[in-house]
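Trainee: My questions all concern the structure below.
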Amino acid sequence: MNSKLPRPTVDELFQLLKRTSLPTVLVEGVDDIIFYRKIEEDLAHLGLDVLPAGNKESVIKLKGMLNGLTNVRFVFVVDKDLWIHEPNTDYQGDNTLVQTDGYSVENDLFCDGELENLMSLEEKERFYNDITKFLDWYALSVSRVLRGKDSAFRTHPNKVLDDPDFYLNETKLREGEVYPVGLREEIERDFKRMLRGKSLIAILQRQLSRKNREVKFSGKQLIAFGGARRGTNFMRLRDSISHVFKL
């Protein structure tokens, strides 16, 4: 699906899917398809159709709409997102809803592809410095969301890291607020899994797409590279999907 074309609405997707005879895997974003096409290739013998719904909310909504259909099987794949901090138990035991291991598919492929190894030692040092500074902001921002407060935790890392006014303002404690030391330590210990995936990839790209770098990598290239490695997280997702359609 061309990401520049208008995305079909949930209702339009439902009208399409309720008439399909193909076992179908619904995933979130258009860019994620680059990764999931590899799973589709591995499971070609099952005749799967993998489609992007647009976002997690759309996947979950379509799951509710399609659950009553008996003419075809569906698997719904979503990113954990903030469920990585507060697991959602609503779908416990429901094997048709498959979740990433980390925050998102970007985290899973970051680990599978060992993407850090694409950097030089100097680049790794800058990367980890960026991660440290970003986490000081990110942990506070996420803690606000988890407490039901307003927070722009999806702000692009370039804004966070390169705009000192934004950084100073957004890291100031609000009235009655305490800095979430425990949450920050938890994320830092396992940042490859727990840091928002798009932010993680963007921080990596600050090194891998630098102006004077001889070999540059786009976000889509990194997704393709990570998927091509067919690592532990890839195999877990693939096998979870396969299991449902073999039942």
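Throughout, read-outs are computed from the coordinates displayed, never taken from laboratory work. Small disclaimer: the values here were computed from a predicted structure and weren't measured. Glycine also receives a Cβ, built like all others from the backbone with ideal geometry; neighbour counts cover every protein chain displayed.
Trainee: Name the helices (runs of 4 or more DSSP H) wholly inside region 111-229 in which the number of residues that are acidic (Asp, Glu) is 3 or more.
Mentor: In region 111-229, the matching helices (runs of 4 or more DSSP H) lie at 121-146, 181-189.
Trainee: Confirm whether residue 240 is under 30 Å from residue 38 (Cβ atoms), among the hydroxyl-bearing types (Ser, Thr, Tyr), crowded, with 16+ Cβ neighbours inside 10 Å and out of contact with any Phe, Trp or Tyr (no Cβ under 8 Å at 6 or more places or on another chain).
Mentor: yes
Trainee: Answer yes or no: is there a residue in region 46-59 that is out of contact with any Asp or Glu (no Cβ under 6 Å at 6 or more places or on another chain), of a type in the set (Ser, Thr, Tyr) and surrounded by fewer than 15 Cβ atoms within 10 Å (Cβ to Cβ).
Mentor: no
Trainee: Continuing with the same structure: Those residues that are under 19 Å from the mean Cα position of the chain (by Cα) and among the aromatic types (Phe, Trp, Tyr), I need them from region 92-138; list them, please.
Mentor: 103, 110, 134, 138
Trainee: So, residue 181, is that one among the hydrophobic types (A, V, I, L, M, F, W, C), loosely packed, with under 14 Cβ neighbours inside 10 Å and within 30 Å of residue 38 (Cα to Cα) or not?
Mentor: Here the answer is no, as residue 181 does not meet what is asked.
Trainee: Within region 60-86, take every residue that is assigned to a helix (DSSP H, G or I) and more than 14 Å from the chain's Cα centre (by Cα) and give me the one that is surrounded by the most Cβ atoms within 10 Å (Cβ to Cβ). Break it down into steps so the answer makes sense when it comes.
Mentor: Our first condition is that a residue be assigned to a helix (DSSP H, G or I); within region 60-86, this holds for 60-66, 81-84.
Now narrow it down to the ones that are more than 14 Å from the chain's Cα centre (by Cα): 60-66.
Values: 60: 17, 61: 16, 62: 22, 63: 19, 64: 9, 65: 14, 66: 20.
Restricting to residues being assigned to a helix (DSSP H, G or I) and more than 14 Å from the chain's Cα centre (by Cα), the top hit is 62.
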